[in-house]
Structures are given as structure tokens and as C-alpha cells.
1. If the chain between E196 and E255 were fully stretched, how many nm would it gain, using 0.36 nm times the residue separation less the Cα-Cα distance?
2. Taking the Cα centre of the stretch 3-69 as origin, sum charge times position over the Cβ atoms of Lys and Arg (+1) and Asp and Glu (-1), and report the length of that vector in debye to the nearest 20.
3. Mind pulling the per residue volume of the convex hull built on the Cα atoms of the stretch 243-282? Å³ is fine.
4. Convex hull over the Cα atoms of the stretch 3-69, averaged projected area in nm²?
5. Along its principal axes, what span do the Cα atoms of the stretch 49-165 show, with the longest given first and each in whole Å?
6. How large is the translational diffusion coefficient of the chain in µm² per second when you combine the Kirkwood radius over alpha carbon pairs with Stokes-Einstein at 20 °C and 1.002 mPa s?
7. Could you calculate the contour length gain from E33 to E87, that is, 0.36 nm times the residue separation minus the distance between their Cα atoms, to one decimal place in nm?
8. Between H168 and N95, 0.36 nm times their residue separation minus their Cα-Cα distance comes to what?
Amino acid sequence: MKKEEVEIVKQMIQQFIDDVERGKAVEEAGWKEKEKDVEYALKRFGLYEEGPQGIRVSLQGPLPEDILKTEEGDIFLDMRQAIQISEHILRIAENPPLQTAMEISGFAYMLKASEFPVLSHRLFNEGFTDIGEWHTAVSNAVYLLTSLTAKKVWGIKDMEEVLKQLDHTSLPIPEKKNEEDAERVKRVLKWNKVLEILELDVCKALGFLWYVDFLISSGKIRYPESRILIQKKAWELLEKKIGKTIQEIRRTVIENVDKVEKETLEQGFAIASWHEILRLPW
């Protein structure tokens, strides 16, 4: 391929990236009026797309090696993967049973991401000897905590049956040998009390966004531009589903977690850093 053709394709890719960064929808990004040399270069690379708005670099098909070697090509490849993940999220959001599974799985992923910072004396009261033992027990308790939440908040009796619908799940496989540890963790956290306070919309928002975060991680999305593309789509879908703005959702989560902290106080102190446990990923 000629160097001039590579430069033309790089410029078209950069235009697409810039448009997305400026907030344009994927469908609206990267278009320009038809020019003979641009059309020729895109066709030579098998990256030609034409529409009512003109022409742009195609989002389909393999990227030639000459393009992959460039920074623009690498970012574009990453953004293509991000677009696929966004489309996957949209398909899930259009299917209520799938979205419920997504939310529950994401809630588990959130719990796994937390180290559950709690008051040390509560650990000792339940027989934990050190913080290392606590962290191991918490990891083993994620399944129990999530299943109790699914039953109380979502009204799901058989969590495993619901989660079978997902292609991916962040939920750990239950291990019977850890049931005793899980029960101790539940008591330390006053989890039954927490579940009386947590609101469905808050759990749906937390679970949905954390599952999206899981897809970003498992999809090995590397560039900020690509992550933002997915996150923006996720927030748009969540706003429609819950019927609140991003600001309202954030405020609702903070207020609900504040209530959890207030109503689980022990001797005037918070038993755990709840805003580090029940939190939005971004």
C-alpha cells in the first residue's frame, strides 16, 4: 500500500475517533463528503462505507496490517470492540429477564471488587483472627450475599436458574465448604438489615453498571476513548430503564447507602465503610 493511502485512511479513522470523543453517536461519526482519493484509498483497504451522509471508514471487516501498526489503527480496533460490547449490552437491555440476570451478576461483581472494610472488633466477635482470614471469608461469601439480595430485592428465588441466561457471569461457583464462613460474614455486615434498606432501583443501577464494567474488563478494552463510548451507552440505557437522569441516579445511590450506614450503626459508629462496598464503578 502506498504511504499516501495509509495517511488518508489514518485521517479518516482519526475523524471517526474525534467525532466519538466529541459526543457524536457511532452512527453519526466519521462521515465526510465523497472525495475520489479518499474513496479509492478506503476501497483499497477494504474499509469503504457509503451512506446518505457521505463516506467513512467501515466498522466492519478486518483491519490491514499497515493500519494495525499505527496508533490510530490500534485505537480504532479497540473502539470497534467497544461498539460490539455496547451492542451486546443493548440486546440484553431489550430483554427484561436477561437484564435482571445481568443486574444480579453485576451486583456480585461489585461485591467481589470490595475488600469489605469493617470495624475490627466485629470481626473478632465472630471469631476472625486477622484481616487476611476476613478477606478470604468475604470472597467465599459473595455467593450467599448475592443470592440473599436476589431473593429479597429482586424477588428471585432461584438465582442460578436466572443466571444461566447470560453468556458471561461474574458470579463465583458456590462451595459448600465455605457456608459457615459466609454466614459469619453475613452476621458481621448485618446483611439482613441491609437488605431491608436497599432499594430495587439502587440495586438495579449498581448491578447494571458493574456488569458493564465486567464486560469492559473481560473484553480487554484498553483506551479511555473506548471505555467512555461503552459507559455513555450504558448510562443512556439505564436512564431510560429507571426513568431518572444520571445525576438523580447518583444521588439516589448515595442517599440509600447513607441510610444503610446510619441504620447499621453500632455504638454510634458505622460498622463498615459502606460507600466502598455499595458504590458505582465510575
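Read-outs: derived from the displayed coordinates by stated rules, not from any lab. These numbers were taken from a predicted model, which means no experiment stands behind them. Methodologically, a virtual Cβ is constructed for each residue, glycine included, from the backbone with ideal geometry; neighbour enumeration extends over all protein chains shown.
1. On the way: separation 59, 0.36 × 59 = 21.24 nm, distance 1.47 nm.
Here the segment from E196 to E255 would lengthen by 19.8 nm.
2. Numbers: 11 positive and 16 negative charges, 13 e Å.
For this selection, approximately 60 debye.
3. Details: hull volume 2.5 nm³, N = 40.
Cα-based convex hull of the stretch 243-282, divided per residue, equals 63 Å³.
4. On the way: hull surface 17.1 nm².
Dividing the Cα hull surface by four gives the mean projection, 4.3 nm².
5. Dimensions of the stretch 49-165 along the principal axes of its Cα atoms: 68, 34, 21 Å.
6. Values: Rh = 21.2 Å.
Result for D is 101 µm²/s.
7. Numbers: separation 54, 0.36 × 54 = 19.44 nm, distance 2.71 nm.
Once the chain is fully extended between E33 and E87, it gains 16.7 nm.
8. On the way: separation 73, 0.36 × 73 = 26.28 nm, distance 1.56 nm.
Gain on stretching H168 to N95: 24.7 nm.
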